[in-house]
Amino acid sequence: MPKARDKNYDRPVSIQENVRWNHNTPENTQFKDVYYATTDGLAETKNVFILGNQLPQRCLDQQHFVIAETGFGTGLNFVATIALWLKTAPQHAQLDYISVEKYPLSKRSIKKALSQWPELDIYTRALLQVYPVNIPGFHRSKLVKNRISLTLMIGDATEMYRQLSTEVDAWYLDGFTPSRNPEMWSAELCKEIARLSHPGTSFSTYTAAGQVRRNLQQVGFTVKKVTGHEKRERLCGHFNQASSVISSAPWFHPPKISVPDRKKAIIIGGGIAGVSMAHTLSQSGWQTTLLEQEDHIAAQASGNKAGIVMPKLTLNMDDYAQFHLSAFLYTLKWLQGIQARQPSLEWHPDGILELVGHQRGTQLAKLNLNKQVVQYLTTKSASRLAGIPLEKEALYYPQAGWLAPAQLCKTLLEDCPTIHVAYNHTVSNLQQQADNTWQVTTQKQSYKAEVVVICNGPAANQFQQTQHLSITPSRGQISYLRQSAHAPTLLKSICYGGYVIPLTENELVCGASYAPGDKVVTLRQADHDDNTRALQQYLPGLISDQQPVQNGRVAIRATTPDRLPIVGPVANETFYQFAYQDLKLGKKPSAYPLAQYHPGLYIASGLGSRGLTTAAIIAELIANLVNNTPLALSSRLYHAVHPARFLIRALRKQ
């Protein structure tokens, strides 16, 4: 049963900018306030936020630091903080910068606003390169060789911070003037700020408004007035309460861990999920060993000739659609970064067409999503893009594309040569040791590590710790075809329930069948016939009726009952059955203890046919958990993919 949708979280954000310019200084016409001081905005940022939080001294010995901000605006605070961090923090230290913006500016406006400070040009360019499209939700980006992580949340500040799970070290409280924008300084938002703070968390702000001071004091901050920048007074202070965990879903609460000094991780499975996981963990400082049962990587579902990277939208933009849209947007930036370092990666972001009926197309168009993500096209416009006559309207995803998953896996290993890959290693047992490390036993030898991530697809629930997970093997067959010599050249990949990808001018990949529970890997003529029949139904004339299938491939996918992947810490099933046995009684979440897991054991499975779109953000999410850093997904979406969700649903139904 789908979760109740939050009334604010998915609300489309207007792309109309309410900005007017006084030379290069922007002013918001809705709130009738400037984005920064008209005399020198950079000086204000340094005095109020950077010096107000004592960052020059605090950055000197920090290996990881979290800054959160209540209004991203032009990004001036962010680029100025990057400049400071890179000059003062240790060489391998990581900065997590979290911000929120309900009315995001365009790239053009940000570039214009920040052009006043040429000393920040290098950081401005880095920001503009990863600046997200205007879509509600969490947007994670990596900058400066992954030393900086930016999480920009687009939406209402209180609602967005309610969806965040982390501990913040310093707050930049920077919204428009409290009298003109009271929501940014509300008691509700201050409660979320306190929830995300720990003893010693600092804050600084340009305002000295009495209601702001009282709201912060009421939730546990020590507040003092200091000399303001171009103002008589402003506020700063520290959180002085003991940390208390308040969770609306204690059964999904992330594990609280201490990152070990010896960071060793074992990844089970060498497909796109496992290789992406090893790559991401390696980039965050882990020594990774990848165990693959075959004699080469991408031997199973990741070995197809080509696969599609695109979002999947639904009419109500439920958790399924929100997750895949977030994954798609993250993957675009991830692939861009990899290709910049490894130009040999054959990524084809040529755009993809999805055929839809008129009614569904117009309904999806009403979602008002950014046109950089999706556009609704008439039959004529879609045909012009496709290069062939189409009989239906289409959704067009201009940034989507296709690539060869095996080549991507190979490129990821080349990008991180420190990853150790052990081929022909079938894992037979996982055993937790007295020191909480894991012993991983194969037919050849045993390995030991602090963290194990299970990424072996449909076999992921073969272990004693994971046997309760709902994972189903699902057979899929694709067909390799030749385009008819008399047909016009297909220019775009097209989805129509199935899909077709033009590899070359006349070579096509067409698929894919779907057979849950079927694990037979031999090719079937009946499945080829089904693939070609669907292709001819939606794209008549592209292939001839008598044209035989050249070849094909069968792979076994891992699927789940709700079609969402299983990602996160592996639950201690015995604890869950005891601690949450009376969930059906409807007690408040505060009546239950926080979740317990098998320490250091994680899983990423159930990616189905969307592994190319989701593997990157799944790997980032696991890396966030093992490194104890802010999650790349909102709490709502993290709960939607949590491995324990099936246990909780079963307990509620008892």
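Only residues that are more than 19 Å from Thr25 (Cβ to Cβ) and in contact with a Leu (Cβ under 6 Å, 6 or more places away or on another chain) were counted in segment 89-129, giving 3.
Looking for whichever is assigned by TED's automatic domain parsing to the domain that holds Cys416 and not in a helix (DSSP H, G or I) here; the options are Leu313, Leu290. Which one fits? I'd like the intermediate steps shown before the answer.
Details: Leu313 fails: assigned by TED's automatic domain parsing to the domain that holds Cys416.
Answer to the check: Leu290.
Within segment 577-622, the set of residues being under 30 Å from Ala406 (Cα atoms) and not in a helix (DSSP H, G or I) comprises Gly600, Leu601, Tyr602, Ile603, Ala604, Ser605, Gly606, Leu607, Gly608, Ser609, Arg610.
One line per residue, one yes/no per condition, for (1) within 32 Å of the chain's Cα centre (by Cα); (2) part of a helix (DSSP H, G or I); (3) outside the structural domain of Ile267 (by TED's automatic domain parsing):
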{"site": "Asp518", "(1), (2), (3)": "yes, no, yes"}
{"site": "Thr522", "(1), (2), (3)": "no, no, yes"}
{"site": "His528", "(1), (2), (3)": "no, yes, yes"}
{"site": "Thr532", "(1), (2), (3)": "no, yes, yes"}
{"site": "Gln537", "(1), (2), (3)": "no, yes, yes"}
{"site": "Leu542", "(1), (2), (3)": "no, no, yes"}
{"site": "Gln546", "(1), (2), (3)": "no, no, yes"}
{"site": "Gly568", "(1), (2), (3)": "yes, no, no"}
{"site": "Phe575", "(1), (2), (3)": "yes, yes, no"}
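Checked against the criterion of being within 19 Å of Pro136 (Cβ to Cβ), at pLDDT below 95 and among the aliphatic types (A, V, I, L, M), the candidates Ala365, Ala327, Ala298 yield just one match: Ala365.
Entry remark, segment 442-461: residues being among the polar types (S, T, N, Q) and either touching an Asp or Glu at 6+ places or on another chain (Cβ under 8 Å) or surrounded by 15 or more Cβ atoms within 10 Å (Cβ to Cβ) (or both) number 3 in total.
How many residues are assigned to a strand (DSSP E or B) and without any contact (Cβ under 8 Å) to a residue 40 or more places away in the chain when one looks only at segment 373-417?
Residues of segment 373-417 that are assigned to a strand (DSSP E or B), as a first pass: 375-377, 393-397, 401-403.
This time we only want the ones that are without any contact (Cβ under 8 Å) to a residue 40 or more places away in the chain, so: 375-377, 393.
So the answer is 4.
To keep it simple, each residue is scored yes or no on (1) buried (at least 24 other Cβ atoms within 10 Å of the Cβ); (2) modelled with pLDDT under 95.
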residue	(1), (2)
Gly73	yes, yes
Gln91	no, yes
Lys102	no, yes
Arg125	no, no
Leu128	no, no
Pro132	no, no
Ser165	no, yes
Val168	yes, no
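Apart from one condition, Ile268 fits all of (1) closer than 30 Å to Ala595 by Cα; (2) in the same structural domain as Leu55 (by TED's automatic domain parsing); (3) surrounded by 22 or more Cβ atoms within 10 Å (Cβ to Cβ); the exception is (2). Being farther than 22 Å from Arg475 by Cα and not assigned by TED's automatic domain parsing to the domain that holds Val421 is a property that does not hold for Tyr320. Across segment 220-277, the number of residues qualifying as more than 25 Å from Thr166 (Cα to Cα), in a loop (DSSP other than H, G, I, E, B) and within 24 Å of the chain's Cα centre (by Cα) comes to 3. Cβ-Cβ distances below 8 Å connect the following pairs, each with a first residue in segment 578-592 that is small (Gly, Ala, Ser), a second residue that is part of a loop (DSSP other than H, G, I, E, B) and modelled with pLDDT under 90, and a separation of six or more residues or different chains: Ser590/Ile246. Quick check on my filter: what residues within segment 194-224 are more than 17 Å from Val48 (Cβ to Cβ) and in contact (Cβ under 8 Å) with a residue 40 or more places away in the chain? Once the filter is applied, which keeps residues that are more than 17 Å from Val48 (Cβ to Cβ) and in contact (Cβ under 8 Å) with a residue 40 or more places away in the chain, segment 194-224 yields Ala194, Arg195, Leu196, Ser197, His198, Pro199.
So which of Ala400, Ala406 is touching a Phe, Trp or Tyr at 6+ places or on another chain (Cβ under 8 Å) and either of a type in the set (Gly, Ala, Ser) or surrounded by fewer than 20 Cβ atoms within 10 Å (Cβ to Cβ) (or both)? Explain how you work it out, then say what you get.
On the way: Ala406 fails: touching a Phe, Trp or Tyr at 6+ places or on another chain (Cβ under 8 Å).
Exactly one of Ala400, Ala406 is touching a Phe, Trp or Tyr at 6+ places or on another chain (Cβ under 8 Å) and either of a type in the set (Gly, Ala, Ser) or surrounded by fewer than 20 Cβ atoms within 10 Å (Cβ to Cβ) (or both), namely Ala400.
Quick grid of which residues meet (1) in the same structural domain as Thr614 (by TED's automatic domain parsing); (2) in contact with an Asp or Glu (Cβ under 7 Å, 6 or more places away or on another chain); (3) of a type in the set (A, V, I, L, M); (4) crowded, with 20+ Cβ neighbours inside 10 Å:
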site: Leu353; (1), (2), (3), (4): no, no, yes, yes
site: Gln363; (1), (2), (3), (4): no, no, no, no
site: Asn368; (1), (2), (3), (4): no, no, no, no
site: Leu377; (1), (2), (3), (4): no, yes, yes, yes
site: Ala386; (1), (2), (3), (4): no, no, yes, yes
site: Glu391; (1), (2), (3), (4): no, no, no, no
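Considering the conditions (1) surrounded by fewer than 17 Cβ atoms within 10 Å (Cβ to Cβ); (2) over 18 Å from Gln300 (Cα atoms); (3) modelled with pLDDT of 90 or more; (4) of a type in the set (Val, Ile, Thr), Val520 is excluded by exactly one of them, (2).
Taking the stated definitions as given, is Tyr97 more than 30 Å from Trp286 (Cβ to Cβ), assigned by TED's automatic domain parsing to the domain that holds Pro178 and not charged (D, E, K, R)? Please lay out each step first, then the result.
Details: more than 30 Å from Trp286 (Cβ to Cβ): no; assigned by TED's automatic domain parsing to the domain that holds Pro178: yes; not charged (D, E, K, R): yes.
Spelling it out, it is not the case that Tyr97 is more than 30 Å from Trp286 (Cβ to Cβ), assigned by TED's automatic domain parsing to the domain that holds Pro178 and not charged (D, E, K, R).
Kindly provide the set of residues from segment 54-66 that are out of contact with any Leu (no Cβ under 9 Å at 6 or more places or on another chain) and either closer than 18 Å to His92 by Cβ or crowded, with 22+ Cβ neighbours inside 10 Å (or both), ordered by number. Reasoning before the result, please.
First, pick out the residues of segment 54-66 that are out of contact with any Leu (no Cβ under 9 Å at 6 or more places or on another chain): 54, 57-58, 60-61, 63.
Arg58, Leu60, Asp61, Gln63, listed by residue number.
Restricting attention to segment 530-553, the residues that are touching a residue at least 60 places away in the same chain (Cβ under 8 Å) and touching a strand residue (DSSP E or B) at 6+ places or on another chain (Cβ under 8 Å) add up to 10. The residues on offer are Lys107, Lys112, Lys102, and the sole one that is under 21 Å from Ala632 (Cα atoms) and among the basic types (Lys, Arg) is Lys102. Screening segment 170-186 for residues that are of a type in the set (A, V, I, L, M, F, W, C) and at pLDDT 95 or above and picking the one that is surrounded by the most Cβ atoms within 10 Å (Cβ to Cβ) gives Trp171.
So, restricting to strands (runs of 3 or more DSSP E) that lie completely within segment 418-514, which ones have at least 3 residues that are aliphatic (A, V, I, L, M) and either at pLDDT below 95 or within 31 Å of the chain's Cα centre (by Cα) (or both)? Don't jump to the end; show me each part of the working.
Values: elements: 420-422, 427-432, 438-442, 446-449, 451-454, 472-482, 493-495, 499-502, 507-511.
It comes to 451-454.
From the list Tyr480, Tyr496, which residue is in contact (Cβ under 8 Å) with a residue 60 or more places away in the chain, closer than 18 Å to Val554 by Cα and not aliphatic (A, V, I, L, M)? Don't jump to the end; show me each part of the working.
Details: Tyr496 fails: closer than 18 Å to Val554 by Cα.
It is Tyr480.
The values are calculated or read from the model by the stated rules, or taken from the named source; none is laboratory data. Please read these numbers as outputs of a predicted model, since none were measured by experiment. Cβ atoms come from the backbone with ideal geometry, glycine included; neighbour counts cover every protein chain shown.
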